[in-house]
Amino acid sequence: MLVESRKDPRGHRLRMARYARRIPQGALARAAGISQKHLCQLEQGYVNMGNVAGKTLYSLAKAVGLSVEQLLRKDQQDPEDR
């Protein structure tokens with residue numbers, strides 16, 4: 001498990017975008033072809049987004065209304081802060 005300060009902050013962006021679209025976690029996981037547990041780990045920052053398969057990133061980003069570039073950008077504000 002990653003130390004709190006080493007968590008990937010991009011997972012929070014994914015979670016906030018999912019919340020903004022009111023997409024249940026299970027539905028997003030199915031749309032991306034991953035387990036709900038894996039999605040939960042992504043959103044909590046325990047999995048580095050840079051290590052996720054391109055097809056999965058595309059599916060996640062598309063479902064929450066972001067581009068892959070927006071999802072992966074480390075310096076971008078979260079969707080709720082726009």
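The values are calculated or read from the model by the stated rules, or taken from the named source; none is laboratory data. As the structure is a computational prediction, the values presented were derived from the model and not from experiment. Using ideal geometry, Cβ is built from the backbone for each residue, glycine included, and neighbour counts are taken over all protein chains shown.
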Just checking, how many residues over region 35-69 are without any contact (Cβ under 8 Å) to a residue 24 or more places away in the chain and farther than 16 Å from Lys7 by Cβ? 13
Arg30 fails exactly one of (1) modelled with pLDDT under 95; (2) in a helix (DSSP H, G or I), namely (1)
Would you check if there is a residue in region 13-29 being touching a residue at least 60 places away in the same chain (Cβ under 8 Å), surrounded by 16 or more Cβ atoms within 10 Å (Cβ to Cβ) and of a type outside the set (A, V, I, L, M, F, W, C)? yes
